[in-house]
Every structure is written in structure tokens, then in C-alpha cells.
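What follows is one structure encoded as C-alpha cells, with my remarks underneath.
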Amino acid sequence: ARFVFTSRDPKSVVPSLCGLNEIALSLKFDYSNGEGLKPIGEGVVGRIADYARQQAAFIKSNPDVCLALPYNEMIKDPLACVKKIYEHAGKEFNADVEKAMKDHMSSNKKGKHGKAVYSLAKFSLSEEMIDREFKGYNQFL
């Protein structure tokens, strides 16, 4: 088996996941006044930081089967990243694959559905807290 792990700055991932949790929980709870959001932030940080620590440990203990790809690298040069994935999987990256990737990228530009804005502060979180909780994970960014 081969594994590909993507990594993204937790300062952007955590508030996004907090927002998703807020939407899901708003089916049962009223957050319209902004109260009660701190437990969502704390819960998301706890779960995601734990996952990130497990991911980092797995990658370190299985370097021969793991490929870690930072999100920024994928945005900067997605084609090069796909080539790395193919190489990691022992598959051929040929002209047909390259054309399909280029066609996909051409018709699916970043931001075509708009841009969501997220805030750590909305969930009583800070950048310092995120840096502290994700200290070992940040090496993969």
C-alpha cells in the first residue's frame, strides 16, 4: 500500500472546520447571537490536532510508503504534484494523463465558486494556540 498525505496550514483549516461544525450543529442549536461557539473551536482543535499528531507519527514511521504533499505546493504546481503521486504509486505519468490533468485544471480554476472567509477569533481561538497545538505537524507545511 502507498499513502499520500496532504497538509495545509491549520490556521486556515481549523476555522473552516469550525464553520462546518457550526452549520451542522445549528440544525439543533441556535448560534445566531454568537454564543456557544467557543466549545466548537476547542473541540475541533482537539480532534484535528490529535489527527495531525497521528498523521505525523505515521509518516515518520513509514517513510517508504508515505508521500507528504503540502497544500501550498499543490496550489503552486499541481501537475508536478500529480507526477510525484504517480511516481510514488509506481504508475506511469504519460501524455494522456497529463492532458486530462491540464483539461481538468483549465475547467476547474481555484475560486470558481467564490471564496469563503473564516475566522479563528469567532470560535475564541488564536494563531498562537494553533501554532502550539500543531507544533509537530507544521514541519509538513
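Just a few scattered comments:
- A search for C-beta distances below 8 Å between a residue of segment 60-80 that is touching a residue at least 12 places away in the same chain (Cβ under 8 Å) and any residue that is open to solvent by less than 50 Å² (accessible area, probe 1.4 Å) and of a type in the set (G, A, S), counting only pairs 6+ apart in sequence or on different chains, returns A68/S7; L69/S7; P70/S7; Y71/S7.
- Whichever residue in segment 23-41 is open to solvent by 20 Å² or more (accessible area, probe 1.4 Å) and touching a residue at least 24 places away in the same chain (Cβ under 8 Å) and, among such residues, is nearest to A1 (Cα to Cα): K38
- Unique residue being within 23 Å of A57 (Cα to Cα) and among the acidic types (D, E) when the list is E98, E133, E92: E133
- Here M105 meets the list (1) closer than 23 Å to S12 by Cβ; (2) open to solvent by 50 Å² or more (accessible area, probe 1.4 Å); (3) free of Cβ contacts under 8 Å to residues at least 24 places away in the same chain; (4) of a type in the set (A, V, I, L, M) almost entirely, failing just condition (3).
- The set of residues in segment 1-16 being buried (at least 18 other Cβ atoms within 10 Å of the Cβ) and under 11 Å from F123 (Cα atoms) consists of V14, P15.
The values are calculated or read from the model by the stated rules, or taken from the named source; none is laboratory data. Keep in mind that this is a model prediction, so the values were computed, not measured. Every residue, glycine among them, receives a Cβ derived from its backbone with ideal geometry; neighbour counts consider all protein chains shown. Areas reflect the complete protein model, heavy atoms only, side chains present, ligands, DNA and RNA absent. Shrake-Rupley method; radii C 1.70, N 1.55, O 1.52, S 1.80 Å.
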